[in-house]
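A short worksheet on the structure shown next.
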Amino acid sequence: MDKETIITIDNVWFRYADDAEDWALQDIHLDVYSGEWLAITGHNGSGKSTLAKCLNGLLMPEKGEIKVRDNAITDANALWEIRRLVGMVFQNPDNQFVGTTVRDDVAFGMENHGIERGDMLKRLEASLKAVDMQEFAEREPHRLSGGQKQRVAIAGIIALEPAIVILDEATSMLDPRGKKDVLDVMRRLNEEKGITVISITHDLEEASSADRMVVMDRGKVVREGQPSHIFMEPEGLVELGLDLPFTVKLRQALKEHGHIQLSDKAFTQKELVDELWTLSSKI
Amino acid sequence: MDIIIKNLTHVYQPNSPFERIALQDINVSIASGTFLTIIGHTGSGKSSLLQHLNGLLKPTRGEVIVGNTVLASGSKTKDLKALRQKVGMVFQYPEHQLFEETVEKDIMFGPINFGVSTDEARRRAHKAVELVHLPKTILEKSPFDLSGGQMRRVAIAGILAIEPEVLILDEPTAGLDPRGHREIMDLFVHLNKREGLTTIMVTHNMDDAALYSDEVMVMDRGHLVVKDRPEVVFQDVDRLNQLGLDIPQTMRFLQLLSAKAEKDFVTPLFGIDETADYIAERLKKEWDGV
Amino acid sequence: MNIIIGQYVPGQSVIHRMDPRSKLIAVFAFVIIVFIANSWLSYAVLAAVTCAAILLSQVQLRFIYRGLRPILFVIILTFLLNAFFTRSGHELFGYGWFQLTTGGLRQAALISIRLLMIVISTTLLTLTTTPIDITDGLESLLGPLKKIRFPVHEFALMMSISLRFIPTLMEETEKIMKAQAARGVEFSSGPLLQRIKAILPLLIPLFISAFRRAEDLAMAMEARGYRGDEGRTKLRVFHWGLRDTSLLILIFLLIPVLWLLRS
């Protein structure tokens, strides 16, 4: 697959106050590729959400440069285009719902970007359909579940035809069903529309299904690569406040406890089952 | 302190167009010292049940008996207060209830409301901070200068300082990162095993339910489906599936393995090491047997 | 939880379907026009208009009564004050300085009816128009004020966000009250001073949470490209129809009619 860079992050430094000793972000270099699902993980306070908020210019780095499709976020004229290109779903489903009904909320972004009403209505319908919320168009926010509100937030974003959607711990306050619905919708958008997804999460199971993963600690990128590669060397991840995905833990236990000769290759549950089965049929 | 729930029914906004039955004829008894986990969907009645245990909701019919306190539809406010002292309730995102200038004052708030002297309340605050593994130096700080995980511990300490005999937890790990999650769960297991606190927890996390509890209770649309040891509750995979509930990830893996092997390997095991031992043993048997 | 904001009663009547702007103008005009009337005949005309509006709206009378209830006391008080402190015409009843005169009674009746009609007409507006439509209508009508830098759009946005967050904050209040009740706070019993003290553990967390929400919301709005009124399009549009024009013509025709009927 040809990797087309969609966001470049170059030597970015950020701190919350000009005289703060601690940098929330230090010397970040990272490229985001078009169409990929990138997971950014790390413990609370590692800087992952700060980084996300720099990508659409909600926070401005003190040093360094961030470009979204050749638009620098420091360019005031390009900022609105960047915010259209980079949609963001925040953590708390309630605090990002602006409209008094689902329709109004989905339209909010389009109204801001001055989309002509006839076009707006078409996009409104299409984006509600894309997140399976078309029956809820007239619903008021307090009659929706957390997962439904997050799907409305996604609809509001895709109505603007963005290239990138950032999930900023968007599923951390949801129950398992809400979480699954939100992630399913995002996967579909990622696969069918080629929308790049940047998921800020501390859910390791979710991160391990990403195309690529970045681990952050104290404002720095400490690991970067395919999840299967990162978890192949699990040493140090627990110290970073993370956990290991279930498959990795089980694989280690099978080797150490059960004395089964397994490779380090199996990463998904299915791969591990297959490997176990291949072993047994060989004997 | 034993808890007995008899024929408990709760109806929200009775005799109005919005009437809704939240709990229907629940009968259950919880022995002193038990770690009980309640699972079920959003809207299954879990939260309503919890709120009866410390008198935040009163039964429409039936009664809740905690030790020697009886809560029924006509109970007086005085009884409610007695009940709340015995049954400590940690709500979801408990850090949202902090309000005092210092951590110490915030933790002392509960005990003082229940009529404890200032000196005694201070002593309890110091003890509670230790129980939740926070340094004593935190007592003088403002609760709003702490990290999210620390704030949650302070809020929990505020409940522990009331010295309840029963601890109720409504999704206590919501929003925490994996490290915070592990630490908080360890804390509750410790309180249950060492301090003997009867613990009742609501969670969506099936692994926590399976790993930490003595008993698991399943609720569905206001009804009690089953209450038993986790091995028994999770054995019945079909029923859980019907209710749209998950099983622990160890068992999900065994399901996958069974499908591949076309043999039933599924058994209620929750620890990773135990599961690994079991798989090794079963596979070796297969290999020897063939 | 079931929260009903404002008094809106859903319906499909002509009045429900009217453009909120025409309803706003009509009610505003009506409230002023009421003051032209000073004869029984002119009052009869106004009462007829009010009754016609109630009939057309198909709103049940108990809803109108519910809207009136909070203000009923004021109307009765106004009646009594006028009845006893206006002295003209014959004396009907007297006891020392205390006098009830025919003129006083007439004055009291007219003023109370005037007040009643004002309240009924505004209640009818809120019963047949959603709060958000009223907000949008106001924004549109006050639009010209933007020229003198009056922040019309910002006010309307503020109103609509408040409407959106009222249920959320009510839920939150209930949650915090329960959490503090679990820590031994009694909100509904005990001496007054104690109850006032119990408000702090509720208010402080509520304020903190409201500020956090406001901060989050501001960030979310910015992320979604909000930058004020400029270049903004709108999803909600109004449909000004024949019925709206007719309503306004009717209301303004009342002016000469009432003028002629003045005594």
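The values are calculated or read from the model by the stated rules, or taken from the named source; none is laboratory data. Keep in mind that this is a model prediction, so the values were computed, not measured. Positions of Cβ are generated from backbone atoms using ideal geometry, with glycine treated the same way; all protein chains shown enter the neighbour counts. Please note that ligands, DNA and RNA were not included when accessible areas were found on the heavy atoms of the full protein model with its side chains. Shrake-Rupley method; radii C 1.70, N 1.55, O 1.52, S 1.80 Å.
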For this session: Would you mind stating whether residue B:248 is without any contact (Cβ under 8 Å) to a residue 24 or more places away in the chain, under 24 Å from residue A:178 (Cα atoms) and either within 14 Å of another protein chain (Cβ to nearest Cβ) or crowded, with 21+ Cβ neighbours inside 10 Å (or both)?
Result: no
Exercise. Just wondering, is there one or more residues in region A:39-56 that are within 10 Å of chain C (Cβ to nearest Cβ) and of a type in the set (Lys, Arg)?
Worked result: yes
Exercise. Where in region B:144-252 are there helices (runs of 4 or more DSSP H), lying fully within it, with 3 or more residues that are β-branched (Val, Ile, Thr)?
Worked result: B:148-160
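Conditions tested, residue by residue: (1) under 22 Å from residue B:142 (Cβ atoms); (2) touching a strand residue (DSSP E or B) at 6+ places or on another chain (Cβ under 6 Å); (3) within 14 Å of chain B (Cβ to nearest Cβ); (4) small (Gly, Ala, Ser).
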site: C:144; (1), (2), (3), (4): no, no, no, no
site: C:160; (1), (2), (3), (4): no, no, no, yes
site: C:177; (1), (2), (3), (4): no, no, yes, no
site: C:185; (1), (2), (3), (4): yes, no, yes, no
site: C:190; (1), (2), (3), (4): no, no, yes, yes
site: C:203; (1), (2), (3), (4): yes, no, yes, no
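Limited to region B:68-106, what total is found for residues that are basic (Lys, Arg) and facing chain C (nearest Cβ under 8 Å)? Show your work before the answer.
Within region B:68-106, the first condition is being basic (Lys, Arg), and the residues that meet it are B:76, B:78, B:81, B:84, B:86, B:105.
So of that shortlist, the ones also facing chain C (nearest Cβ under 8 Å) come out as B:81, B:84.
Looking only at that region, the number is 2.
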Exercise. If you go through region A:142-149 one residue at a time, do you hit one that is within 7 Å of chain C (Cβ to nearest Cβ) and without any contact (Cβ under 8 Å) to a residue 60 or more places away in the chain?
Worked result: yes
Exercise. Does residue B:165 fit the bill of being in contact (Cβ under 8 Å) with a residue 60 or more places away in the chain, within 14 Å of chain A (Cβ to nearest Cβ) and more than 13 Å from residue B:96 (Cα to Cα)?
Worked result: no
Exercise. Are any of the residues in region C:239-260 hydroxyl-bearing (Ser, Thr, Tyr), assigned to a helix (DSSP H, G or I) and within 31 Å of the chain's Cα centre (by Cα)?
Worked result: yes
For this session: Pull up region B:133-163, narrow it to residues that are surrounded by fewer than 23 Cβ atoms within 10 Å (Cβ to Cβ) and under 19 Å from residue B:199 (Cα atoms), then point me to the one that is modelled with the lowest pLDDT.
Result: B:133
Seminar exercise, completed: Counting only residues that are open to solvent by less than 10 Å² (accessible area, probe 1.4 Å) and of a type in the set (Lys, Arg), region A:78-109 contains a total of 1
Problem set entry | Qualifying residues in region B:181-196 (those that are over 24 Å from residue B:105 (Cα atoms) and open to solvent by less than 20 Å² (accessible area, probe 1.4 Å)) - the one nearest to the other protein chains (Cβ to nearest Cβ) | B:185
Exercise. Any idea which of (1) open to solvent by less than 40 Å² (accessible area, probe 1.4 Å); (2) farther than 26 Å from residue C:79 by Cα is the one residue C:123 doesn't satisfy?
Worked result: (2)
For this session: Please note which strands (runs of 3 or more DSSP E) are completely contained in region B:2-86 and include at least 1 residues that are under 16 Å from residue B:217 (Cβ atoms).
Result: B:3-12, B:20-30, B:35-39, B:61-66
Exercise. Of (1) in contact with a Lys or Arg (Cβ under 8 Å, 6 or more places away or on another chain); (2) open to solvent by 30 Å² or more (accessible area, probe 1.4 Å); (3) farther than 23 Å from residue C:202 by Cβ, residue B:70 satisfies all except one. Which?
Worked result: (1)
Exercise. Out of all the residues in region C:1-10, is one or more farther than 21 Å from residue C:137 by Cα and either β-branched (Val, Ile, Thr) or assigned to a helix (DSSP H, G or I) (or both)?
Worked result: yes
Problem set entry | Candidates B:114, B:109 - the one that is crowded, with 22+ Cβ neighbours inside 10 Å and within 14 Å of chain C (Cβ to nearest Cβ) | B:109
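Within region C:224-258, restricting attention to residues that are within 14 Å of chain A (Cβ to nearest Cβ) and open to solvent by 70 Å² or more (accessible area, probe 1.4 Å), which residue is farthest from residue C:42 (Cα to Cα)? I'd like the intermediate steps shown before the answer.
First, the residues of region C:224-258 that are within 14 Å of chain A (Cβ to nearest Cβ): C:224-239.
This time we only want the ones that are open to solvent by 70 Å² or more (accessible area, probe 1.4 Å), so: C:227, C:230, C:234, C:236, C:239.
On the way: C:227: 51, C:230: 47, C:234: 42, C:236: 39, C:239: 33 Å.
Checked region C:224-258; the qualifying residue farthest from residue C:42 (Cα to Cα) is C:227.
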Seminar exercise, completed: Sole miss for residue A:165 among (1) within 28 Å of residue C:238 (Cα to Cα); (2) in contact with a Gly (Cβ under 7 Å, 6 or more places away or on another chain); (3) outside any helix (DSSP H, G or I) is condition (1)
Problem set entry | Residue, farthest from residue B:247 (Cα to Cα), within region A:145-162, restricted to residues that are open to solvent by 20 Å² or more (accessible area, probe 1.4 Å) and not in a helix (DSSP H, G or I) | A:161
Exercise. Tell me, which helices (runs of 4 or more DSSP H) wholly within region A:79-131 include 1 or more residues that are at the interface with another protein chain (Cβ under 7 Å from one of its Cβ atoms) and farther than 11 Å from residue C:225 by Cβ?
Worked result: A:102-112, A:117-130
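Does region B:254-290 hold any residues that are aromatic (Phe, Trp, Tyr) and more than 7 Å from chain A (Cβ to nearest Cβ), and which are they?
Start the filter on region B:254-290 by keeping residues that are aromatic (Phe, Trp, Tyr), which leaves B:265, B:270, B:278, B:287.
The answer is B:265, B:270, B:278.
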For this session: For residues that are under 22 Å from residue B:166 (Cα atoms) and of a type in the set (Asp, Glu), tally how many sit in region B:90-110.
Result: 2
Problem set entry | In region A:56-77, the residues that are small (Gly, Ala, Ser), assigned to a loop (DSSP other than H, G, I, E, B) and open to solvent by 10 Å² or more (accessible area, probe 1.4 Å) | A:76
Exercise. Does residue C:156 satisfy the criteria of being among the aliphatic types (A, V, I, L, M) and open to solvent by less than 50 Å² (accessible area, probe 1.4 Å)?
Worked result: yes
Exercise. Consider residue B:236 against the criteria (1) outside the structural domain of residue B:281 (by TED's automatic domain parsing); (2) open to solvent by less than 70 Å² (accessible area, probe 1.4 Å); (3) in contact (Cβ under 8 Å) with a residue 12 or more places away in the chain: it satisfies all of them except one. Which criterion is unmet?
Worked result: (3)
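Matching residues to (1) out of contact with any helix residue (DSSP H, G or I) (no Cβ under 6 Å at 6 or more places or on another chain); (2) at the interface with chain B (Cβ under 8 Å from one of its Cβ atoms); (3) among the polar types (S, T, N, Q):
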residue	(1), (2), (3)
A:239	yes, no, no
A:257	no, yes, no
A:262	no, no, no
A:268	yes, no, yes
A:275	yes, no, no
For this session: Looking only at region B:253-272, decide whether some residue is in a loop (DSSP other than H, G, I, E, B), assigned by TED's automatic domain parsing to the domain that holds residue B:38 and open to solvent by 20 Å² or more (accessible area, probe 1.4 Å).
Result: no
